[in-house]
1. So what is the relative contact order of region 211-315, in percent, for Cα pairs below 8 Å that sit 6 or more residues apart?
2. Mind listing which trypsin sites (Lys or Arg not before Pro) in region 187-240 are in a DSSP loop and have 16 or fewer other Cβ atoms within 10 Å?
3. Hey, what did region 44-167 get for relative contact order, percent, Cα under 8 Å, at least 6 apart?
4. Pairs 70/151; 151/324; 281/324: which exceed 22 Å Cα-Cα?
5. Could you check what % of the DSSP bridge pairs in region 47-200 are antiparallel, to the nearest 5?
6. What number comes out for accessible area per residue over region 51-205 if the probe is 1.4 Å? Units Å², please.
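The values are calculated or read from the model by the stated rules, or taken from the named source; none is laboratory data. It should be emphasised that the depicted structure is a prediction, and the values quoted were computed from it without experimental measurement. Virtual Cβ from ideal backbone geometry, glycine too; neighbours counted across all protein chains shown. The protein model used for the area step is the full one, side chains on, heavy atoms only, and it has no ligands, DNA or RNA in it. Shrake-Rupley method; radii C 1.70, N 1.55, O 1.52, S 1.80 Å.
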Amino acid sequence: MNTLLLSVPAIARGLASSQLRHGLQLRALSSLKAKTLSKDQLPLHTGRPRLVVLGSGWAAARLLHDIDPKLYDITVVSPRNHMVFTPLLASTTVGTLEPRSVVVHLFELQPALSAPANAIYIAEAQSVDPAARTVSCRSADGLAFTLPYDKLAICTGSQGSTFGIPGVQQHALFLRDVAQADAIRQRLIDNLSLAGIPGRRLEEWQRLLHVVIVGGGPTGVEVAGELTDFIHKELRNLYPDRARAMRITLVEARELLGTFDASLREYAARKLMRRGVALRKGVVQELTEREVVLKDGAVLPYGLCIWSTGVGPTPFILSLPFAKTNMGRLAVDGFMRVLAPPVSEGGQGGQQQQAGGQTLQEGQPPEGAMQQQQQRPQASGPGPETVPGIMSRGPGAPSPSSPSLAPVPEVYSL
């Protein structure tokens, strides 16, 4: 008691000191806010080159981790302030892992990002002007702004491929980030709860407890495996009747794990079938709110449809005035410099660049691809806007992949 009483004045002094510091911080923040609203806004300029990094995925995270912040002022533009360890996302859909276990904040990767000269903007890049060396961006609430750069690293990654199939964007759930994993988890919980309502018709009961996974690549196979673990270990103890009724169907147009060795594909197929996963070969024609319609006429009623048919280039990448590979990716040389047709004195090169950025459609995804050749125009051969590979031949070769292409000054793609 005496110790506690003796400590009260000290606590009071600490609180008073804390309040004083808080008041000073508020005044500093109000002053800072006034500065940020002016043209001379933070991040402040130190004279170092400004490195702008677009994205927060694997490439951006590695770049930010390894870069020497004493050499550059760094600005990051990304819809999220963290990097996601994507191979573990499937485990978060069923609660094996919590979302915070598969993400790391960019400040942890590069503590110098919290310095006044650096910044992270939660926004999306809209366009790049290589002549003015600026990036046009837009925040989530629609505020447009422009960032100058001395060096630009484009690390925006890819997006899930839909191949233009009707209903996919509206009704399917993807698995590319934590928010999507959480949406899958919530849909599972909702469907299990709805299936337990008294008086539910048998057809509706079966539909709610049916999960359809479209795409037999690594993501689709991993999600199927996590779901079977969830059914046999957790759900069987909670709702034995619903665990027995729950079904998983994996739809693939070609081969399960097509990029893997045949022995691994056979092993995975055998494991999934033993766990009760139905493997269905087919091509999706349409997705409605409650049914997956295949081209052979089969109809699969579902309560949850997970779309994992691979990835392709984003609209942002396709819109950039740079050369693309025949996969729709940005073409680079051995130093990861972005390539483009050289600009002639009459400006014809710039027109070619713009045309080249608009002609290609979604690229071939590396895993579980469907209908990719039908969805993308076939290139007749290497040309000024389309090159056959991502990089030029030979590690570190400074020459571009095509004689008609040249590196864009200070623009890199990872």
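1. Numbers: 151 pairs, mean separation 38.6, N = 105.
So the answer I get is 37 percent.
2. Values: sites: 187, 200, 201, 207, 233, 236; in loops: 200, 201.
Answer in residue order: 200, 201.
3. Values: 207 pairs, mean separation 38.9, N = 124.
After rounding, I find 31 percent.
4. Values: 70/151 15 Å; 151/324 20 Å; 281/324 32 Å.
Too far apart for the 22 Å limit: 281/324.
5. Working: 14 of 27 bridges.
Just about 50 percent of them are antiparallel.
6. Details: 7520 Å² over 155 residues.
Ligands and nucleic acids excluded, the figure is 49 Å² per residue.
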